[in-house]
Amino acid sequence: MAVTGIKEVARRAGVSLGTVSNVLNRPDSVAPATRRRVLDAIDELGYVRNDSARHLRAGSSRTVAIVVLDVSNPFFTDVVQGAEAVVEAAGGMLVVCNSGQDPAREGRHLATLEEQRVRGLLITPVENGRHERLERLVDRGIPVVLVDRGSGQLNRCSVAVDDVLGGRLAATHLAELGHRHIAFVGGPASIAQVADRHAGAAAALTEHGGGIELEVVETKALSVTAGRQAAEDICALPQARRPTAIFCANDLLALGVLQGLTIGGLRVPEDISLVGYDDIDFAAAAAVPLTSVGQPREQLGRTAAQLLLEEADTDAAHGHRHVVFQPQLVVRQSTAAPRRRTR
Ligand code: RIB
């Protein structure tokens, strides 16, 4: 079915293209009878305005896009809600894209967003390092703000949380409880947040002294399923080789670990302590309320959107800013002193 354009509407109403454009953009400038004829033609033909084309001509769009790593992770839901509140208060609309931690899928989204000439882009990139597709968007004058990540050589605005400190907080809490064999469950290690949390934990345990072992159990994803699988592997270990505590790179993993340990007959925290990361709402609501490293999720989203709109709406030179928030340890029932000595 042919798409009805503005020419068909003008022909049906017996007016010029300019009159149709005035009805769409400045309706008060058109005589009521003429405006009625044009609106009737639009209804009869089922004409739909092409906002992107209009914005292309106007050189602006009200649409802001955010590309998240994993739309099923409540962490990103909260980040999106923070960003959405700011964008909508400014009269815009937020479009959410999910990369699913897949660089190719992320690239397809960015190609579409470039064509649409969105007002700006918020993104948590899948990979670290140079990002040519983002550089192209920047070159085309589309503001980009990195979310939950530093901007590195892209040199754009960014908002993040100090994940190295977050890893330190989790590990220090377990060391101070007396744990001497701790497992770090997380992955892929290529995800910057995972690497930073592990690095912070390792540094804290080294500084704590006492020869505390931090055993890495790398996972293929930051998901409940991956956490459950890691727990099954830990349950299969002889007791003497089993860690007395587990620090997970995010809460979804920790919820999966909790489920897997429970299925495997191990109690939290009696047999094994458990710490998550993000402090999503499900952490407190878990069967054993999770100790977790809290991130200011909605504030991340709000701040990222504010930085983006400042850049998008400011003709004057915009100074890029890198905002880093501090995580906070939230202690709940899933951690306690170890009941047994490890080897
Ligand atoms: O996307 C993976 C993780 O990184 C999320 O759970 C959140 O912690 C983010 O920082």
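The values are calculated or read from the model by the stated rules, or taken from the named source; none is laboratory data. Since we're looking at a predicted model, the values are computed, not measured. Please note: Cβ atoms are built from the backbone with ideal geometry, for glycine as well, and neighbour counts cover all protein chains shown. Heads up: the accessible areas ignore ligands, DNA and RNA and are worked out on the full protein's heavy atoms, side chains in. Shrake-Rupley method; radii C 1.70, N 1.55, O 1.52, S 1.80 Å.
Under the rule of -39500 (n - 2.57) per DSSP H run of 4 or more residues, summed and divided by the residues of the chain, what mean residue ellipticity at 222 nm is obtained, to the nearest 500 deg cm²/dmol? List each step's numbers first, then the result.
Details: 13 runs with 156 residues, N = 343.
Value at 222 nm, helices only, nearest 500: -14000 deg cm²/dmol.
Counting only protein heavy atoms and a 1.4 Å probe, tell me what percentage of region 86-233's accessible area is made up of carbon and sulfur. The partial results should precede the final answer.
Numbers: 3000 of 6210 Å².
Carbon with sulfur: 48 percent of the solvent-accessible area.
Considering the convex hull of the alpha carbon atoms of region 183-282, report its projected area averaged over all viewing directions, in nm², one decimal. Provide the component values of the computation, followed by the final result.
Details: hull surface 24.8 nm².
Reported value for the Cα convex hull: 6.2 nm².
On average, how much accessible surface per residue is there in the chain, in Å², for a 1.4 Å probe, leaving out ligands, DNA and RNA? Walk me through the intermediate numbers first.
Values: 15800 Å² over 343 residues.
Value for the chain: 46 Å² per residue.
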task = Enter the Cα centre distance for the pair region 99-176 and region 252-330, rounded to the nearest angstrom.
result = 16 Å
About the Cα centre, charge dipole magnitude for the chain (Lys/Arg +1, Asp/Glu -1 at Cβ), debye = 540 debye
remark   = Rounded to the nearest 5, the percent of DSSP beta bridges in the chain running antiparallel is 10 percent
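Determine the relative contact order of the chain: mean sequence separation of Cα pairs under 8 Å and six or more apart, normalised by residue count, in whole percent. List each step's numbers first, then the result.
Working: 681 pairs, mean separation 59.7, N = 343.
For the chain, the relative contact order is 17 percent.
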inquiry  = Ignoring solvent entirely, what values of log10 I(q)/I(0) come out of the Debye formula for the chain at 0.07, 0.14, 0.15 Å⁻¹ when each Cα is a single scatterer?
reply    = -0.40, -1.04, -1.13
Long-range HN-HN contacts of Val67 with modeled amide H, under 5 Å = Cys97, Leu122, Ile123, Thr124
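Around Ala104, what is the net charge, scoring Lys/Arg as +1 and Asp/Glu as -1 over all other residues with Cβ under 14 Å from its Cβ? Don't skip to the answer; put the middle values down first.
Details: positive: Arg105, Arg108, Arg133; negative: Asp102, Glu106, Glu127, Glu132.
Local net charge: -1.
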query = In sequence order, what are the phi-derived ³J(HN,Hα) couplings for region 89-106 according to the Karplus relation 6.51 cos²θ - 1.76 cosθ + 1.60 with θ = phi - 60°, rounded to whole Hz, with x for glycine and proline?
reply = 5, 8, x, x, 10, 9, 9, 9, 10, 10, 7, x, 6, 10, x, 5, 5, 4
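Kindly rank 93-100, 21-28 from highest to lowest mean number of other beta carbons found within 10 Å of each residue.
Highest to lowest by the protection proxy: 93-100, 21-28.
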